[in-house]
Each structure stands twice: as C-alpha cells, then as structure tokens.
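Novice: Next up is a structure, given as structure tokens.
The values are calculated or read from the model by the stated rules, or taken from the named source; none is laboratory data. Note that the coordinates shown come from a computational prediction; the quantities given were computed from them, not determined experimentally. Quick reminder, even Gly has a Cβ in these numbers, built from the backbone with ideal geometry, and neighbours come from all protein chains shown. Protein only, heavy atoms only, side chains kept; ligands, DNA and RNA dropped before computing areas. Shrake-Rupley method; radii C 1.70, N 1.55, O 1.52, S 1.80 Å.
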Amino acid sequence: MRHLLSPLDLSVEELDNLLDLATDIKDYPDKYKDACKGKKLATLFYEPSTRTRLSFEAAMLNLGGNVLGFSSAASSSASKGESVSDTIRIVSCYADICAMRHPKEGAPMVAASKSSIPVINAGDGGHQHPTQTLTDLMTIRSLKGRLSNLVIGLCGDLKFGRTVHSLINALVRYEGIKFVLISPNELRLPDYIRVDVLEKNGIEYEEIEHLEDAITNLDILYMTRVQRERFFNEEEYIRLKDSYILNAKKMALAPKDMLVLHPLPRVNEISVEVDDDDRAAYFKQVQFGVYVRMALILTLLDLKPDK
Ligand code: NCD
C-alpha cells in the first residue's frame, strides 16, 4: 500500500506521470467523473484549512466518490484524548483513503504505520506539505513549460513554512535549479533543509534579506505568509509580519515573464493590486490543486477510468 508523506515518496518518473495524469484530467474531466464510484475519502483535519480540505473533497466528488471527516481537533475524539493511531484504525474501517492535517510534525507518518488505507499528508506542523508541492509543480510546469533550469525566489517565512520545505525537496531533483532565499534573519531556512537538502545535493542558492535585490532576476517568485500559529511569542510575530509586501512598484522591477505563486491564505504579503497583473498565478494555482489531488487519489488507489 502506498502513502504520500513527503514529496520524495514519489520518484521523478512517478511525479511526471502524476502530472501528466492531472493534465489529462484537466483536459478531459468527463473521462474521470465515475472513476472513484463507491469509494470514500476521509479528511482528518486537526488544524484549520480552507483550500486543502475543500480541494481534497472537490477532487473526490469530481471523481464520483464520497467524502467524510472532521475539520478541527475540537470536533473529533482527539478532544476526548484519542490518539492518532487509534483514530486511523477506526477510519480505516470507514473509508478507502484519507488525507490528514495535524499541528504535530510526523503525525501522518504515525498514522500511516497503523493504517490499512493510504494516508496522504495534508500538512504536518512546520514540516512538509507534499500535495501543495504537487500543486506548485503542476502550476510551474503548465505555465512555464518546464521544471528544470529555473531561478526560484522563496520569500517570507522560510523557517516555519512547510510549503517551502516540501517544494525544495521536490525541485532539487531537476536540472539547473537555483534558489534565492529571501527572508529576515529570524525566519531563515532551517539547517535540515539548507544543509541536508540544498548543500547535500550541490544546489546553488543565496540567502538575502531584501526582495528588491532579488526580484529583477527570477523566473518564479514564491511568496509565503508569516506563520503566526507557529511562533512562540506574539511580539516577535508582530515585529516580523510585515517584512515583505509585494506591490505594483516591486512588480515593476520584475521580469515580464516571472510568475508569482503563493500557497494561500495571504494576509498582507501580496497587495491586492498585484492580483490583476498577468504574472499573478496564485488563483490559477488553486485550480491546479484540484487536478493534482484527483490524480493522486487515482494513483494511490490504483484506479483507472473506464474509458
Ligand atoms: C499553506 C499551509 O497550510 O501550510 N496553506 C495551504 O495549504 N494552501 C500555507 C499557509 O498556511 O500559509
């Protein structure tokens, strides 16, 4: 049985196949509308989410399947003290596949070890968020036409931002990738990614503090929210929350074909005036997220459409 706990659980070839499948789903949605008939997806969300949970649910409904689940720890038996291991054993009796989001790093991995159905990590603490990465890769591949030879600026909270950690893990496997890490000193990329992933794979990167210094040379600018819920102290959050605000003035410095991505939700790090810029790809990214999750569900359940 297959799970998706980290982007590295898929080889580059499997990832390419999954993105091809997602593209076919986008182009011929009717072919897939009954592919999961009679199957159930459980969404076990111990932490708030709008896009990820609804996107999983929309994905399963588009495939003709059904969904069940909970959207906060408070509304589940976790509030009575039930462990993740017990919950997954129960859910394995109700559903065919599950997506789990949890504030504790590694919780979906614990679940997978006790589960008799595929477990998808829908975000674990500040650690990983592999399905956001699939979304980001499909967005880049569809709009840029390639996943290699790219200069990618990652901007904002690189310390707690799990989307950034997963994206780096996935992209270092492609040729000619260079990262520009743009963050305040306090929110720099942790060593378990910078040293163990970037340096170990011989990936070119630079760390800088000012967005204006980097924006003129990027193919992709990946903006992130400062992750308030992961801070130990509110004062530090308040001091750092407005470190970067992408606005029309900064966009004027950027290349004409640079794309702006953001996993969303945005707080104020992208000014709404940027939304109308042709280079803003963050709302398109949301739509790609549904197609990749449909492709992932089919892949993990080993299902093919009838036609
Ligand atoms: C991200 C997450 O949950 O890590 N959101 C999402 O899933 N699209 C990013 C964030 O919350 O800032």
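Novice: Condition first: among the hydrophobic types (A, V, I, L, M, F, W, C) and not in a helix (DSSP H, G or I). Now tell me which residues in the stretch 10-44 satisfy that. Give the steps one after another, and end with the answer.
Specialist: Residues of the stretch 10-44 among the hydrophobic types (A, V, I, L, M, F, W, C): 10, 12, 15, 18-19, 21-22, 25, 35-36, 41-42, 44.
If the condition is that a residue be among the hydrophobic types (A, V, I, L, M, F, W, C) and not in a helix (DSSP H, G or I), then Leu10, Ala35, Cys36, Leu41, Ala42, Leu44 are the ones that fit.
Novice: Considering only residues that are of a type in the set (Ser, Thr, Tyr) and crowded, with 24+ Cβ neighbours inside 10 Å, which ones fall in the stretch 135-156?
Specialist: Filtering the stretch 135-156 down to residues of a type in the set (Ser, Thr, Tyr) leaves 135, 139, 142, 148.
If the condition is that a residue be of a type in the set (Ser, Thr, Tyr) and crowded, with 24+ Cβ neighbours inside 10 Å, then Thr135 is the only one that fits.
Novice: Would you confirm whether any residue within the stretch 3-16 is among the hydroxyl-bearing types (Ser, Thr, Tyr), within 16 Å of the ligand (Cβ to nearest atom) and open to solvent by less than 10 Å² (accessible area, probe 1.4 Å)?
Specialist: Narrowing the stretch 3-16 to residues among the hydroxyl-bearing types (Ser, Thr, Tyr): 6, 11.
With within 16 Å of the ligand (Cβ to nearest atom) added as a condition, the list becomes 6.
Applying the additional criterion that residues be open to solvent by less than 10 Å² (accessible area, probe 1.4 Å) yields none.
No, the stretch 3-16 contains no residue that is among the hydroxyl-bearing types (Ser, Thr, Tyr), within 16 Å of the ligand (Cβ to nearest atom) and open to solvent by less than 10 Å² (accessible area, probe 1.4 Å).
Novice: Please work out if Phe288 is within 29 Å of Leu61 (Cβ to Cβ), open to solvent by 40 Å² or more (accessible area, probe 1.4 Å) and in a helix (DSSP H, G or I).
Specialist: Working: within 29 Å of Leu61 (Cβ to Cβ): yes; open to solvent by 40 Å² or more (accessible area, probe 1.4 Å): no; in a helix (DSSP H, G or I): yes.
It is false that Phe288 is within 29 Å of Leu61 (Cβ to Cβ), open to solvent by 40 Å² or more (accessible area, probe 1.4 Å) and in a helix (DSSP H, G or I).
Novice: Shifting gears a bit: I'd like the full set of residues that are open to solvent by less than 70 Å² (accessible area, probe 1.4 Å), away from the ligand (no atom under 16 Å from the Cβ) and touching a Gly at 6+ places or on another chain (Cβ under 9 Å), limited to the stretch 29-75.
Specialist: Within the stretch 29-75, Tyr32, Ala35, Cys36, Gly38, Lys39, Leu41, Ala42, Gly64, Gly65 meet the criteria.
Novice: Still on this structure, I have one more. Could you tell me which numbered condition Gln132 fails, if it satisfies all but one of (1) within 30 Å of Gly176 (Cα to Cα); (2) open to solvent by 10 Å² or more (accessible area, probe 1.4 Å); (3) more than 12 Å from the ligand (Cβ to nearest atom)?
Specialist: Failing condition for Gln132: (3).
Per-residue answers, yes or no, for (1) open to solvent by 50 Å² or more (accessible area, probe 1.4 Å); (2) among the acidic types (Asp, Glu); (3) part of a helix (DSSP H, G or I):
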{"position": "Ala254", "(1), (2), (3)": "no, no, no"}
{"position": "Arg293", "(1), (2), (3)": "no, no, yes"}
{"position": "Thr299", "(1), (2), (3)": "yes, no, yes"}
{"position": "Pro305", "(1), (2), (3)": "no, no, no"}
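Novice: Cβ-Cβ distance below 7 Å, separation of 6 or more or different chains: which pairs start in the stretch 210-226 with a residue that is touching a residue at least 12 places away in the same chain (Cβ under 8 Å) and under 10 Å from Gly156 (Cβ atoms) and end on one that is open to solvent by 40 Å² or more (accessible area, probe 1.4 Å) and of a type in the set (Val, Ile, Thr)?
Specialist: Arg225/Val267
Novice: Residues that are in contact with a strand residue (DSSP E or B) (Cβ under 6 Å, 6 or more places away or on another chain), of a type outside the set (Ser, Thr, Tyr), crowded, with 23+ Cβ neighbours inside 10 Å and modelled with pLDDT of 95 or more: does the stretch 191-207 have at least one?
Specialist: No, that holds for no residue.
Novice: Starting from the stretch 105-126, keep only residues that are of a type in the set (Ser, Thr, Tyr), then list their pairs with residues that are in a strand (DSSP E or B) whose Cβ atoms are within a distance under 8 Å, requiring at least 6 positions of separation or different chains.
Specialist: Ser115/Cys98
Novice: Applying the selection to the stretch 259-285, what residues are free of Cβ contacts under 8 Å to residues at least 60 places away in the same chain and open to solvent by less than 10 Å² (accessible area, probe 1.4 Å)?
Specialist: Residues satisfying the conditions are Val260, His262, Ile270, Val274, Tyr282.
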